[in-house]
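Read through the structure below, which is laid out as structure tokens, and then see the notes.
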Amino acid sequence: MSNPNPSPSAAPRWFAWLAVVALLVYGIFLGAYFTPVAGGSDSSGYLNAAQLLARGQLTAPMRDYSGLTASSASQFQPLGFIAEPARQRLVPTYPLGLPSHLAIASTLFGWTIGPLVVGVGSTLAAIILMYAIARELAISWPLAAAGALMLGVFPVTIFIAIQPLSDVLATNWVLAAIYSALRAHSSQRWAVITGVALSIAIFVRPTNVLIFPAIAVLLSIGWRQLTAAALGGLPGGLLLLAANAHLFGSPWRMGYGSIFEAFDFTYLGPTLLHFGKWLGLLMPGLGLFFGVITISLTHATLRTRIALSFWFFTPVIFYAYYEVSSQTWWCLRFILPAVPALILSALFTLDYFLTLHPRALQITSALLAFWAIGLSVFWTREFHTLFSKTYEQAYAEMGRWSNDHLPENTVLLTNNDSGALYYYTPFPILRWDQMSSAEFTQHAAYLTRAGRPLHLITNEAEENHVLTQRVPARWEKITTLVQRSVWRYNGPATTP
């Protein structure tokens with residue numbers, strides 16, 4: 001899989017130094033805005049699982065719910081967990097790939113720096129791999145640099161890079177697998193590395209298995225490469241199946257449950273339009289135009305066109321059937337591992353037409369870079385992406401306040417903060433959104449008889465609905481903190 005143009009000239013030495021400085025500055029920028037906080041369901045789920053792994057555990061024992069019975073175990077599960085009362089354990093919902101990275105890094109550097117190392121480090125590694133892949137495809141160094149920059153400053157990349165989320169890490173390992181597969185023609189050792197990288201990519205995000213067709217095309221140069229890649233990926237594959245069997249009772253089950261209930265043909269058209277719209281708005285439009293052209297160019301090698309097509313279109317079509325994919329702009333995170341294929345396709349085409357015109361090639365590369373930076377600055381401000389540190393920090397502040405101010409035998413009643421409160425406090429969690437008002441009344445009555453305080457933590461915006469419709473009782477407000485209110489249960493609601 002290579003560009004039919006002659007081998008490109010090496011980048012000048014000054015570019016190498018400039019690239020090192022640029023990566024260092026960008027890493028500092030991302031680090032300044034990184035938030036190592038267990039916040040919503042995703043970040044708290046990953047960090048809770050990471051702490052379990054750091055302690056040598058795959059599951060967590062359920063906290064003290066003695067005497068409470070419920071029609072649904074979901075009443076006892078913080079976000080990011082599946083409750084199994086019969087086995088007295090909480091099972092992490094999310095794949096263990098990112099938590100494994102977080103656990104290793106945090107064991108070495110602590111739980112503040114460790115997640116930052118993973119998030120920022122995987123972003124910088126993805127940028128470097130993007131450049132390396134472009135050069136492996138014989139794309140000239142100015143365009144390769146522009147393409148790496150386009151991926152790095154892509155607003156979705158930034159949004160994910162400053163939080164403990166899996167999408168950039170998943171993209172990084174996909175890029176590592178692609179790069180290794182491109183190098184496998186020269187050594188079977190690279191084919192083994194391809195299998196290892198792909199297995200880690202799937203461990204981080206199981207749907208990265210959708211990249212397998214592209215990898216198979218790149219390794220189709222010989223059966224030895226395919227065999228070596230399979231052997232390289234075998235240990236990781238067996239580990240994933242063993243973990244699934246232990247956690248969910250079957251090697252083929254995952255914590256998401258039956259995700260295919262969320263897939264439907266009716267989502268296809270609207271989601272494809274959503275993807276096209278936001279890809280066109282968030283990155284230089286030439287990327288879409290020239291990316292599509294490459295697929296049809298007859299002067300591109302067949303292996304190039306097939307591999308790029310599989311790499312991009314397979315994940316895009318898969319997630320186009322997913323009901324969540326079209327909810328907002330940052331749902332492009334689902335197809336982030338496929339975005340490099342679109343960028344590379346555009347670079348491939350531009351390089352073909354401009355390789356004999358060095359001046360035009362350099363100007364075009366510079367324009368792409370500045371265009372991408374301009375779009376990134378505009379949309380990052382428009383979406384208030386860099387304010388996520390403020391939003392997410394509120395979860396940590398609420399958790400720490402609860403840990404410092406509430407009685408030791410408290411039971412917490414909450415919803416969106418449940419994963420964070422599990423991470424930052426030792427208290428049992430009850431989910432008000434998973435119970436009826438009658439069940440709440442039964443739980444509250446039992447806890448009162450047992451002498452256990454019950455506290456409600458809810459967003460101020462929803463507190464009226466929660467207090468009057470979901471958990472009606474006599475509540476006493478204790479405090480208001482970071483747009484959340486804390487209430488103490490003082491008995492059942494008085495009848496009029």
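Given 0.36 nm per residue, what is the gain on full extension from Val20 to Arg224 after removing their alpha carbon distance, in nm?
Full extension from Val20 to Arg224 adds 69.8 nm.
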Here the relative contact order (percent) of segment 389-492, from C-alpha pairs under 8 Å and at least 6 apart, is 26 percent
Could you grab the relative contact order for the chain? Cα pairs under 8 Å, six or more apart, rounded to a whole percent.
18 percent
Less than 10 Å Cβ to Cβ from Val217, Lys/Arg counted +1 and Asp/Glu -1: what total charge do the surrounding residues give?
+2
What order, most packed first, do the peptides 485-493, 205-213 have when packing is the mean number of other Cβ atoms within 10 Å of each residue?
205-213, 485-493
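Sort Ser402, Ser388, Ser345 so that the residue with the fewest other Cβ atoms within 10 Å of its own Cβ comes first and the one with the most comes last.
Values: Ser402 23, Ser388 19, Ser345 26.
The most exposed by this proxy come first: Ser388, Ser402, Ser345.
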Degrees between helix 358-382 axis and first principal axis of the chain (Cα, 0 to 90, nearest 10)
10 degrees
Figure the gain on full extension for Phe263 and Ser187 (residue separation times 0.36 nm, minus the Cα-Cα span) and round it to one decimal in nm.
23.3 nm
Hey, if you put +1 on the Cβ of every Lys and Arg and -1 on every Asp and Glu Cβ in segment 389-492, which of His405, Thr425, Thr441 ends up farthest toward the positive end of that dipole?
Thr441
Mean Cβ-within-10 Å packing, highest first, puts peptides 179-185, 72-78 in the order 179-185, 72-78
Burial ordering of Lys389, Lys277, fewest other beta-carbon atoms within 10 Å first:
Lys277, Lys389
May I ask for the distance between the Cα centers of segment 53-78 and segment 390-455, given as a whole number of Å?
13 Å
Computed from the beta carbon distance with a Förster radius of 25 Å, FRET efficiency for Val324 and Glu382 to the nearest 0.05 stands at 0.70
Given 5 Å bins starting at zero, what is the percent of C-alpha pairs of segment 208-266 in each, up to the one with the largest pair distance?
4, 15, 16, 19, 16, 14, 12, 5, 0
Spelling it out for Phe81: with amide H atoms placed in the peptide plane at 1.01 Å from N, the residues 5 or more places away or on another chain with amide H under 5 Å from its amide H are Thr93
Share of pairwise Cα separations in segment 389-492, more than 22 Å, in percent
22 percent
Nearest 10 degrees is fine. How inclined is helix 339-354 to the longest principal axis of the chain, computing both from alpha carbons?
20 degrees
Taking only DSSP H segments of four or more residues, each worth -39500 (n - 2.57), what value at 222 nm results for the chain once the sum is divided by all its residues, to the nearest 500 deg cm²/dmol?
-19500 deg cm²/dmol
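With 18 Å as the cut-off, how large is the P(r) tail for segment 62-161, expressed as percent of Cα-Cα pairs?
66 percent
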Which of His384, His274 has the fewest Cβ neighbours within 10 Å, and the rest in rising order:
His384, His274
Folded to 0 to 90 degrees: helix 437-449 orientation relative to the chain principal axis, Cα
60 degrees
Jot down the radius of gyration and Dmax of the chain, Cα atoms only, both in angstrom.
25.0, 86
If each residue of separation counts as 0.36 nm, what is the full-extension length gain between Gln57 and Thr479 once their alpha-carbon separation is subtracted?
148.4 nm
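No value in this document is a laboratory result; all are computed from the given coordinates. All figures in this text were calculated on a predicted structure; none of them were measured in a lab. Using ideal geometry, Cβ is built from the backbone for each residue, glycine included, and neighbour counts are taken over all protein chains shown.
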